[in-house]
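A.B. asks: Submitted below is the structure of interest, expressed as structure tokens.
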Amino acid sequence: MTGRPLPDLPDLPVLEALPGVKAALAREGRAVLSAPPGSGKTTLMPLALLDEPWLAGRKILLLEPRRLAARASARRMADLRGESVGETVGYQVRFERKISGRTRIEVITEGLLTRRLQSDPELPGVGLVIFDEFHERSLEVDLALALALDARANLNPQLRVLVMSATLDTAAVARLLGGAPVVESSGRLHPVEVRYRPVKSDERIGDAMGRGVLVALGETQGDVLAFLPGAREIRDAQRIVEERARGVSVHPLYGDLSSAEQDAALMPARDGRRKVILATNIAQTSLTVEGVTTVVDSGYLRAARFDLGAGANRLDTLRVSRASAEQRSGRAGRLGPGTAYRLWSEEQHGRLPAHDTPEILAADLTRFALELAAWGIADPTGLALLDPPAPASWSYARELLGELGALDAGGRITAHGRELARLPTSPRLAHMLLLAQQARLAETAAWLAATLEERGADATDAAAALRRARDSSRVRDSVRQLLRMLEVEGEGRPDENELGRAIAWAFPERIARRRAGLTTAYLC
């Protein structure tokens with residue numbers, strides 16, 4: 001048990017759904033919870049379920065789509081219990097772990113559940129897995145849920161599964177979970193007034209956001225949370241706001257920042273100044289940011305899209321869906337009535353797609369196929385997936401794994417394939433790392449892999465990408481982790497003269513000889 005009574009939980013809307021969730025998990029072992037933004041589902045539901053008899057002292061795993069959300073959720077739950085993170089509530093994300101022998105609720109990112117299932121499919125000591133913000137439909141969460149349900153059906157029938165979301169096709173997910181009960185919690189915590197403020201089609205996103213934030217600062221009170229697609233646009237908007245707004249504290253918030261920098265962006269300003277947080281969709285879900293009463297939404301996000309010709313993901317700037325816009329505007333109503341500015345017209349809003357495209361239909365499936373092979377599955381049609389993999393991408397992934405030596409002639413995973421799966425990179429880059437280890441080029445390959453994975457860079461100008469990435473704490477952390485896993489000491493420095501050799505191991509089909517006298521024509 002927990003060793004102390006549960007605290008009095010805040011009176012938030014999601015608690016009205018608690019009896020239904022408890023009954024469904026006790027009776028059926030699985031449930032779907034639909035609750036709007038700001039209802040308290042992320043932090044209150046795990047705490048409220050902690051002492052259920054069917055849990056019998058086992059752990060709850062709460063899956064979050066992002067590291068920032070995992071850390072923030074764990075801190076909030078620990079605060080509600082009057083404890084420090086790492087006691088009853090802890091978290092584990094890549095590069096960070098705050099968990100003790102007392103921890104009963106572990107908040108983790110989605111890929112870590114797959115790693116645990118691959119290591120021990122029965123998940124010993126775990127009684128409940130909660131999939132939070134499932135509507136984001138990352139490839140990792142689709143895979144983690146499919147493997148968890150497979151393990152529950154075949155190895156551990158006592159494992160309970162709860163899927164939660166604010167914008168979700170609950171009927172489809174309920175069918176996926178074998179007819180699981182659906183529990184709904186109604187009502188946003190506070191109303192949000194939506195104001196449409198369209199900008200010119202040729203206006204740069206960062207510049208438009210900078211001006212939009214200035215308008216919001218002049219028309220509203222409280223702190224401002226702004227959503228942009230990436231770091232470049234954030235820097236553009238930051239420059240404008242800092243130049244023209246006096247007495248305002250401006251904080252960027254995106255994935256490449258260190259944990260300390262990300263956490264600082266979420267903390268209330270200590271000097272009493274109004275705060276502007278310029279964020280990517282890292283702040284779209286699972287976070288209550290103290291002081292924020294206004295949201296400004298650019299209407300864009302940056303997402304991975306698989307380029308079949310290049311054999312790799314590329315990062316595209318895309319319009320958000322109506323569901324994502326609703327999630328973003330909901331950030332303004334967490335603590336009181338709020339205002340959301342959308343930098344597009346109401347007519348444009350009606351033409352947005354209803355939901356974002358799931359990654360399983362748009363992203364590189366090579367890692368997904370490798371994980372399934374490691375699980376012992378060559379055909380995903382029997383797995384619990386809301387959408388089947390895109391056929392062309394699935395065929396490409398399986399063929400590439402065969403070329404890398406990860407699959408044998410019968411389509412089964414090889415010893416080399418298991419070594420690739422052990423490394424937290426794409427199979428192409430993992431293959432490069434293993435070959436580089438043998439050639440004593442591990443440091444160069446680790447820097448290259450970390451740069452391409454963490455920053456979404458393309459290999460066409462690897463030297464320039466590496467120079468830009470050297471100041472990134474996330475890239476340095478990735479390099480250290482990869483070198484540890486390769487059993488290479490130190491951090492090292494990349495040898496730019498060997499980058500071409502390393503890239504050739506990962507992308508051999510991109511190697512060509514330039515035709516004599518020509519600069520853009522090649523012999524393949």
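A.B. asks: Just the accessible area per residue of the range 15-134, please: how many Å² with a 1.4 Å probe?
C.D. replies: Per-residue accessible area for the range 15-134 comes out at 30 Å².
A.B. asks: Something else: What is the dipole size for the chain, taken about its Cα centre, with +1 at each Lys and Arg Cβ and -1 at each Asp and Glu Cβ, in debye to the nearest 20?
C.D. replies: 620 debye
A.B. asks: Return the sequence-ordered ³J(HN,Hα) values of the range 90-98 in whole Hz as given by the Karplus equation 6.51 cos²θ - 1.76 cosθ + 1.60 applied to θ = phi - 60°, using x for Gly and Pro.
C.D. replies: Result, rounded to whole Hz: x, 9, 9, 10, 4, 6, 9, 8, 10.
A.B. asks: Something else now. Each residue of the range 45-53 in order: what ³J(HN,Hα) in whole Hz does its phi give by Karplus 6.51 cos²θ - 1.76 cosθ + 1.60, θ = phi - 60°, with x for Gly and Pro?
C.D. replies: 5, x, 5, 5, 9, 4, 10, 5, x
A.B. asks: Using alpha-carbon positions, what is the distance between the centroids of the range 334-382 and the range 125-169, in Å?
C.D. replies: Taking the Cα centre of each part, the range 334-382 and the range 125-169 sit 16 Å apart.
A.B. asks: Can you find, among LEU308, SER345, LEU370, the residue sitting farthest towards the positive end of the charge dipole of the range 295-371, where Lys and Arg contribute +1 and Asp and Glu -1 at Cβ?
C.D. replies: SER345
A.B. asks: If amide hydrogens are placed 1.01 Å from N in the peptide plane, which non-local residues have theirs closer than 5 Å to the one on ASP307?
C.D. replies: Placed amide hydrogens put ALA312, ASN313, ARG314 under 5 Å from ASP307.
A.B. asks: Pulled fully out, how much extra length does the chain show between LEU9 and SER473, if you take 0.36 nm times their separation in residues and subtract their Cα-Cα distance?
C.D. replies: Gain on extension, LEU9 to SER473, equals 163.4 nm.
A.B. asks: Using a basic spin-label model with each label point 7 Å from the Cα along Cα→Cβ, how many nm lie between ALA392 and LEU315?
C.D. replies: Each label point lies 7 Å from its Cα, and together they span 2.4 nm.
A.B. asks: Across the range 141-151, in residue order, what do the Karplus-derived ³J(HN,Hα) couplings come to in whole Hz, using 6.51 cos²θ - 1.76 cosθ + 1.60 with θ = phi - 60° and x for Gly and Pro?
C.D. replies: Residue by residue, the range 141-151 yields 6, 4, 5, 4, 5, 4, 5, 5, 5, 5, 5 Hz.
A.B. asks: Let me ask another. When the accessible area of the chain is computed with all protein chains present and a 1.4 Å probe, what percentage of it is carbon and sulfur?
C.D. replies: The computed percentage sits at 48.
A.B. asks: Using 0.36 nm per residue, how much length does the chain from ARG513 to SER201 gain when fully extended, once their Cα-Cα distance is taken away?
C.D. replies: Taking ARG513 through SER201 to full extension adds about 108.2 nm, to one decimal.
A.B. asks: Taking only protein heavy atoms into account and a 1.4 Å probe, give the accessible area per residue of the range 179-292 in Å².
C.D. replies: 46 Å²
A.B. asks: Okay, next question. Take peptides 473-481, 86-94 and line them up by average Cβ neighbours within 10 Å, highest first, as a rough protection proxy.
C.D. replies: Output ranking for 473-481, 86-94: 86-94, 473-481.
A.B. asks: Name the lysines eligible as straight-distance cross-link partners of LYS41: C-alpha to C-alpha under 28 Å, and not fewer than 8 places from it in the same chain.
C.D. replies: Here the lysines satisfying the reach criterion relative to LYS41 are LYS22, LYS59, LYS98, LYS275.
A.B. asks: Name the long-range amide H neighbours of LEU423: under 5 Å, sequence gap of 5 or more, or other chain; modelled H, no Pro or chain starts.
C.D. replies: none
A.B. asks: Return one whole number: the accessible area per residue of the range 400-477 in Å², for a 1.4 Å probe.
C.D. replies: Per residue, the range 400-477 has 41 Å² of solvent-accessible surface.
A.B. asks: For ARG274, which sequence-distant residues (separation of 5 or more, or a different chain) have an amide H within less than 5 Å of its own amide H, given hydrogens modelled in the peptide plane?
C.D. replies: Residues meeting the criterion, in which the H sits 1.01 Å from N, are SER249.
The values are calculated or read from the model by the stated rules, or taken from the named source; none is laboratory data. From a predicted model like this one, the values you see are computed outputs, not experimental measurements. When we count neighbours, we look across all protein chains shown, and the Cβ atoms used for this are built from the backbone with ideal geometry, even at glycine. All accessible areas refer to the heavy atoms of the entire protein, side chains included, with ligands and DNA or RNA removed. Shrake-Rupley method; radii C 1.70, N 1.55, O 1.52, S 1.80 Å.
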